[in-house]
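The values are calculated or read from the model by the stated rules, or taken from the named source; none is laboratory data. Bear in mind that the values here come from a model prediction, so they are computed numbers and not experimental data. FYI the Cβ positions are ideal-geometry reconstructions off the backbone, even for glycines, and counts take in every protein chain you see. Note: areas computed on protein heavy atoms with side chains; ligands, DNA, RNA excluded. Shrake-Rupley method; radii C 1.70, N 1.55, O 1.52, S 1.80 Å.
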Amino acid sequence: MAKTNDEQFKNVISHAKEYGFVFQSSEIYDGLSAVYDYGQLGSELKNNIKAYWWKAMVQMHENIVGIDSAIFMHPKVWKASGHVDGFNDPMIDNKDSKKRYRADQLLEDKITKYEKEGKTDKAAKLQSDMDAALTGENLSELKNLIEEHGIACPISGTKNWTDVRQFNLMFSTQFGAMAEGSDEVYLRPETAQGIFVNFLNVQKSGRMKIPFGIAQIGKAFRNEVIARQFIMRMREFEQMEMQFFVRPGEDKKWFDYWKIARLKWHQALGTPENKYRFHDHVKLAHYANAATDIEFEFPFGFKEVEGIHSRTDFDLKQHEQFSGKKMQYFDNDLNEEGKPFGNYVPYVIETSIGLDRMFLLTLINAFEEQDLSTEEKQDSRTLLRLHPALAPIKVAIFPLTKKDGLPEKAKEIMDTLKFDFNCMYEEKDAIGKRYRRQDAIGTPFCVTVDHQSLEDNTVTIRHRDSMEQERVAIADLEKIIANKVSWKNLLA
Ligand code: GAP
């Protein structure tokens with residue numbers, strides 16, 4: 001019987017734990033809500049996703065450079081960016097269950113439910129009413145919408161709600177050893193501000209000419225009102241962000257460019273096209289003149305993975321005002337009228353993707369439970385169809401048996417391949433069992449060393465997806481594997 005989305009998602013979560021991809025943080029103390037640790041294979045997969053992004057965004061662009069700014073920043077940064085006053089989520093409590101919810105999340109769940117029921121008009125209307133209430137920070141309207149659409153608490157089942165209130169999402173801590181006189185600092189809620197404050201440092205030291213971009217990957221922290229769906233909404237997570245600085249007036253062109261470029265980056269991984277969609281924002285934040293989300297169809301509905309935002313000159317101007325330092329660029333190129341542009345504050349197009357959401361998307365996409373039963377016997381395998389470039393282990397090397405010099409030969413092969421590829425050596429269990437273990441962690445190649453290998457320096461190489469095996473010369477292994485795991489397959 002076909003599994004429901006819910007069952008499949010549960011299977012992905014337990015698979016992630018069983019094979020060392022993701023663990024609950026501090027599990028032996030019953031965990032810390034919405035905080036997760038990446039295990040031995042999870043950290044490899046995460047690193048490969050980062051590398052794919054960094055290659056595509058930084059190394060493939062002559063006009064984009066990468067930085068690594070500190071998590072702690074001067075407290076005024078967050079005043080200037082608007083986070084101290086405005087980085088809030090609207091929350092609502094159910095008086096009977098005493099459970100707290102994000103008002104917009106309750107409404108979004110209702111929208112997803114309407115969509116699933118085919119009530120697309122109702123879903124669209126609720127979406128636009130909600131967007132209007134959020135943009136206008138109209139908290140009483142949010143409560144009206146919850147009541148109007150008959151939303152009940154999933155725990156108590158009642159509609160006995162408090163008023164909607166704002167809740168600031170930033171974590172704060174004390175800076176300096178002295179309790180008295182020490183300053184309150186924040187754990188950054190986005191990596192972007194580390195880029196904005198370094199805009200001129202990078203531009204001048206790197207002699208960057210507009211248009212150019214600054215990218216970074218790093219941790220961000222948000223005290224989410226509710227956190228759920230595994231690593232979808234976490235309190236500590238990672239972002240991969242890029243700010244692209246452009247001439248005023250060229251922002252629309254570059255917004256369209258990055259929208260397409262970013263979707264292409266996702267699709268290159270081979271994800272079916274209908275799994276992605278854009279969600280263009282109709283109501284915009286006060287500093288944005290265009291914004292869109294790239295959404296992926298998770299088992300719990302279409303949800304945002306990445307945002308592309310045209311942020312105007314808002315952030316740089318705010319930092320000019322709060323720091324008293326000029327954030328301007330001298331453009332000595334000519335405009336269409338043949339005049340130098342002179343000084344201006346650049347406009348910014350931002351691409352911002354959650355690394356953990358991308359990780360979850362990648363696992364969900366790759367996870368497959370295959371029925372291999374024949375008339376003679378029942379059989380199945382669990383498979384991660386990861387793109388070879390992202391797979392945590394590229395090649396597993398097995399001696400057919402533990403004797404006759406086969407382990408030594410297998411290790412010899414491993415010693416030549418391990419410089420270029422993450423390899424795993426395994427000699428325990430029957431060969432079929434070893435293949436299945438590698439299928440379950442997404443290893444694209446298994447190399448088996450047998451007695452013939454000792455005579456003619458050939459091995460069998462087994463391909464994960466097709467399960468086909470071929471006999472190849474040991475001397476050719478490096479080329480065969482390199483060809484499949486190369487970033488060229490994704491980026492060329
Ligand atoms: N600088 C813009 C910015 O931070 P955002 O839409 O708030 O924009 C960007 O966040 C991306 O970060 C989201 O698309 C999502 O993938 C990821 N993200 C945001 N909050 C998250 C959370 N609590 N847990 C995991 N990922 C999150």
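Values computed for the structure shown
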{"item": "Residue within segment 33-42 that is open to solvent by 20 Å² or more (accessible area, probe 1.4 Å), within 22 Å of the chain's Cα centre (by Cα), within 19 Å of residue 229 (Cβ to Cβ) and at pLDDT below 95 present", "result": "yes"}
{"item": "Flag if residue 259 is part of a helix (DSSP H, G or I) and farther than 30 Å from residue 136 by Cα", "result": "no"}
{"item": "Unmet criterion (only one of (1) surrounded by fewer than 21 Cβ atoms within 10 Å (Cβ to Cβ); (2) of a type in the set (S, T, N, Q); (3) closer than 26 Å to residue 293 by Cβ) for residue 203", "result": "(3)"}
{"item": "Long-range neighbours under 6 Å by Cβ, at least six apart or interchain, first residue open to solvent by less than 60 Å² (accessible area, probe 1.4 Å) within segment 307-330, second assigned to a strand (DSSP E or B) and charged (D, E, K, R)", "result": "307/293; 309/350; 311/350"}
{"item": "Positions within segment 247-256 being surrounded by fewer than 18 Cβ atoms within 10 Å (Cβ to Cβ), touching a residue at least 40 places away in the same chain (Cβ under 8 Å) and either within 16 Å of the ligand (Cβ to nearest atom) or assigned to a helix (DSSP H, G or I) (or both), in sequence order", "result": "252"}
{"item": "Top-ranked residue of segment 225-246 - restricted to ones that are of a type in the set (S, T, N, Q) and more than 7 Å from the ligand (Cβ to nearest atom), ranked as nearest to the chain's Cα centre (by Cα)", "result": "229"}
{"item": "Residue 386 vs. criteria of a type outside the set (Val, Ile, Thr) and either open to solvent by less than 40 Å² (accessible area, probe 1.4 Å) or closer than 30 Å to residue 4 by Cα (or both)", "result": "yes"}
{"item": "Complete set of residues in segment 111-150 that are surrounded by fewer than 15 Cβ atoms within 10 Å (Cβ to Cβ), among the small types (Gly, Ala, Ser) and on the phi < 0 side of the Ramachandran plot", "result": "124, 128, 132, 136, 140"}
{"item": "Tally, over segment 315-335, of residues that are out of contact with any His (no Cβ under 8 Å at 6 or more places or on another chain) and not in a strand (DSSP E or B)", "result": "13"}
{"item": "Strands (runs of 3 or more DSSP E) wholly inside segment 387-492 containing at least 3 residues that are at pLDDT 95 or above, hydroxyl-bearing (Ser, Thr, Tyr) and closer than 25 Å to residue 53 by Cα", "result": "none"}
{"item": "Within segment 60-82, tally of residues that are surrounded by 15 or more Cβ atoms within 10 Å (Cβ to Cβ) and of a type in the set (S, T, N, Q)", "result": "2"}
{"item": "Selection within segment 331-376 - farther than 30 Å from residue 3 by Cα and within 16 Å of the ligand (Cβ to nearest atom)", "result": "347, 348, 349, 350, 351, 352"}
{"item": "Of all residues in segment 286-296 being outside any strand (DSSP E or B) and in contact with a Gly (Cβ under 9 Å, 6 or more places away or on another chain), the one that is nearest to the ligand (Cβ to nearest atom)", "result": "287"}
{"item": "Given (1) within 13 Å of the ligand (Cβ to nearest atom); (2) touching a helix residue (DSSP H, G or I) at 6+ places or on another chain (Cβ under 9 Å), number of the condition residue 183 does not satisfy", "result": "(1)"}
{"item": "Sole exception among (1) surrounded by fewer than 17 Cβ atoms within 10 Å (Cβ to Cβ); (2) touching a Leu at 6+ places or on another chain (Cβ under 6 Å) for residue 48, by number", "result": "(1)"}
{"item": "Subset of segment 214-224 [open to solvent by less than 30 Å² (accessible area, probe 1.4 Å) and either near the ligand (Cβ under 10 Å from one of its atoms) or not in a strand (DSSP E or B) (or both)]", "result": "220, 221, 224"}
{"item": "Odd one out for residue 338 among (1) closer than 27 Å to residue 202 by Cα; (2) at pLDDT below 95; (3) assigned to a loop (DSSP other than H, G, I, E, B); (4) of a type outside the set (S, T, N, Q)", "result": "(1)"}
{"item": "Complete set of residues in segment 341-386 that are aliphatic (A, V, I, L, M) and assigned to a loop (DSSP other than H, G, I, E, B)", "result": "345, 372, 386"}
{"item": "Filter pass, residue 176 being at pLDDT below 95 and not hydroxyl-bearing (Ser, Thr, Tyr)", "result": "yes"}
{"item": "Looking only at segment 297-306, and only at residues there that are within 12 Å of the ligand (Cβ to nearest atom) and within 15 Å of residue 263 (Cβ to Cβ), the one that is surrounded by the most Cβ atoms within 10 Å (Cβ to Cβ)", "result": "306"}
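Okay, residues lined up against (1) farther than 30 Å from residue 217 by Cα; (2) open to solvent by less than 50 Å² (accessible area, probe 1.4 Å):
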position: 163; (1), (2): yes, no
position: 169; (1), (2): no, yes
position: 175; (1), (2): no, no
position: 194; (1), (2): no, yes
